[in-house]
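Scroll down for the structure; my scribbles are underneath it.
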Amino acid sequence: MVSSEVWLAAARPRTLPAAISPVLVGTAAATRFVAWRMLAALVVAVAIQVAVNFANDYFDGVRGVDTADRRGPRRAVAAGLVRPEQMRRAMVVALVAAAAAGVALAAAAGWVLVLVGGLCFAAAVGYSGGPRPYASAGLGEVFVFVFFGLVATVGSAYVQDESLRWLPAIAAVPVGLLSVALLVVNNLRDIPTDTRVGKRTVAVRLGERRTFYLFIVLINVAILWTGLVALVALSVWPAMAFGALPLALVAQNRTADGLEADDPALLVVGLAATGRLQLLYGLLLAAGLSVASVAPGGFF
């Protein structure tokens, strides 16, 4: 019997802000609010994120990508805490949960969402699975930006409005960039072990120093992009998200400390700080967009 603590660790809660933040921002950027649709969108996003994490644990475990000398937290399959078939079933359960909530949304907002969901599922499994996992080919960042940035944010607005608008698309960019930053700092920590097993992530290709610079650029562009979101919203309220800047500095400094000391534990601290940054930024931007919709404080 696998303990709940093992399953919780395998779900990688530090990565869940990448699923929560786009739903909050997309919902706030919509012109109307239907509570159950937001909750269903949250179920879809979180379940897909958990499925990606389970799939990564499963495929990297059975392929020998995760080994005993990896620098980050232990992985359940590679450590022998969960049998491969158990992890595979858990991945399927997470995808089924996402599908159930997605079908309910599609019935209410349009069946085109079924096609979008199918693409999300294929991307989730293809990240680490299949004959040529694209995470190993340096395309993981593209997947994260598209699906945990653009698709999740715009999709969350779409299920409310049942139409596409510019504001959610503009607001999706910083959300996606911070999701990519979360992946980049994770892969920064794993450069030595990924290099040994031939996993050619962007971090492996760039090396430690340039990967860190990429991390800095992603965070700072995301924060600066807030001004464009406020401009498109014709309101100063979305600028509330600039309040996440101190935590952005914490994430950068902790990651720099870990890189300088070559300390995986400090890099994990940087990863956790990046997750908190993404969640705080999403909360503040969503709050600003919500206030702007009921109490405009415009530029004009």
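So the values come out like this:
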{"read-out": "Percentage relative contact order, the chain, counting C-alpha pairs under 8 Å, at least six apart", "value": "23"}
{"read-out": "Spacing of the two label points (7 Å from each Cα toward its C-beta) at A35 and Y213, in nm", "value": "5.0"}
{"read-out": "For peptides 254-261, 266-273, sequence by mean Cβ density within 10 Å, most packed first", "value": "266-273, 254-261"}
{"read-out": "Most fluctuating residue given options Y158, Y213, Y127, as computed from a GNM of the chain linking Cα atoms under 10 Å", "value": "Y213"}
{"read-out": "Tail beyond 24 Å, pair distance distribution of the range 5-104 (Cα, percent)", "value": "30"}
{"read-out": "Furthest towards positive pole of dipole, A169, V82, W225, structure part the chain, Cβ charges", "value": "V82"}
{"read-out": "The range 254-291 and the range 134-198: distance between their alpha carbon centers, rounded to Å", "value": "15"}
{"read-out": "Projected label distance in nm at A295 and V250, using a 7 Å step from Cα toward the beta-carbon", "value": "2.7"}
{"read-out": "Loop trypsin sites (Lys or Arg not before Pro), the range 176-227, which have at most 15 other Cβ atoms in a 10 Å radius of their Cβ (DSSP)", "value": "R200"}
{"read-out": "FRET efficiency for S3 and A261, using Cβ-Cβ distance with R0 set to 30 Å, rounded to 0.05", "value": "0.40"}
{"read-out": "Rg [Å, one decimal], Dmax [Å, integer] - the range 206-266, C-alpha atoms", "value": "14.5, 45"}
{"read-out": "Hull shadow area, averaged, the range 59-202 [alpha-carbon convex hull, nm²]", "value": "9.0"}
{"read-out": "Where only alpha carbons of the chain are counted, the Rg and the Dmax (Å)", "value": "18.8, 62"}
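Rule-based calculations on the coordinates, nothing more; no lab input. In this text, all values refer to a predicted model and were calculated from it rather than measured experimentally. Glycine also receives a Cβ, built like all others from the backbone with ideal geometry; neighbour counts cover every protein chain displayed.
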